[in-house]
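Notes follow once the structure below has been shown.
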Amino acid sequence: ARYAYSLGLSSAGGPITAYGSPQESPRFDRLVKFDLDTGSVADAYEFAHGRLMVAEPTFVCKVGQERDQALKAREDDGYVLVLVSDVSSADTSGGVCEVEASFLLVFDASDLSRGAVAEVKMPEMIPFGLHSEWLPFEGLSH
């Protein structure tokens, strides 16, 4: 693979010695596209500080495009999906962080810095988490 999509911290505020509620913990606030051929950051997007808890990004080929076709064309010809939770006005009293709303943000993988090309409000709150995987519907067991 030429590109890898990851989260980044713009500032961790020093060594992490203890974790509190998600509101108090370090936040991943950057979506980063690494060029593995050159070893450099090819593109990045900064999320609004203090507003979102962000989950791990997932690359998805464009609809109707087989993975082999995507690799032959342009490896970043697809979308990067990121689940986020809005905690901007969350009440953290008692160590509990309430989520305001959860969203699926869709980024054009070839132009992350442009920002999300689509935002879908989720019908339910999504718990915080940093691991994800995309599978085509046919790959799911019934």
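The values are calculated or read from the model by the stated rules, or taken from the named source; none is laboratory data. These numbers were taken from a predicted model, which means no experiment stands behind them. All Cβ positions, even for glycine, are placed from backbone atoms using ideal geometry, and neighbour counts span all protein chains on display. Each accessible area value is taken on the protein alone, full model and side chains, heavy atoms only, with ligands, DNA and RNA left out. Shrake-Rupley method; radii C 1.70, N 1.55, O 1.52, S 1.80 Å.
Looking at SER25, SER6, SER21, which one is polar (S, T, N, Q) and at pLDDT 90 or above? Even if it seems obvious, please write down each step before you answer.
Details: SER25 fails: at pLDDT 90 or above; SER21 fails: at pLDDT 90 or above.
Selected residue: SER6, the only one of SER25, SER6, SER21 that is polar (S, T, N, Q) and at pLDDT 90 or above.
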Breaking point among (1) outside any loop (DSSP other than H, G, I, E, B); (2) within 24 Å of VAL32 (Cα to Cα); (3) modelled with pLDDT under 80; (4) open to solvent by 70 Å² or more (accessible area, probe 1.4 Å), for GLU138: (2)
Take the conditions open to solvent by 70 Å² or more (accessible area, probe 1.4 Å), at pLDDT 85 or above, among the aliphatic types (A, V, I, L, M) and closer than 28 Å to ALA1 by Cα and apply them to VAL82. Does it pass? no
Boolean, GLU75 is touching a Lys or Arg at 6+ places or on another chain (Cβ under 7 Å), charged (D, E, K, R), at pLDDT 70 or above and under 17 Å from VAL117 (Cβ atoms): no
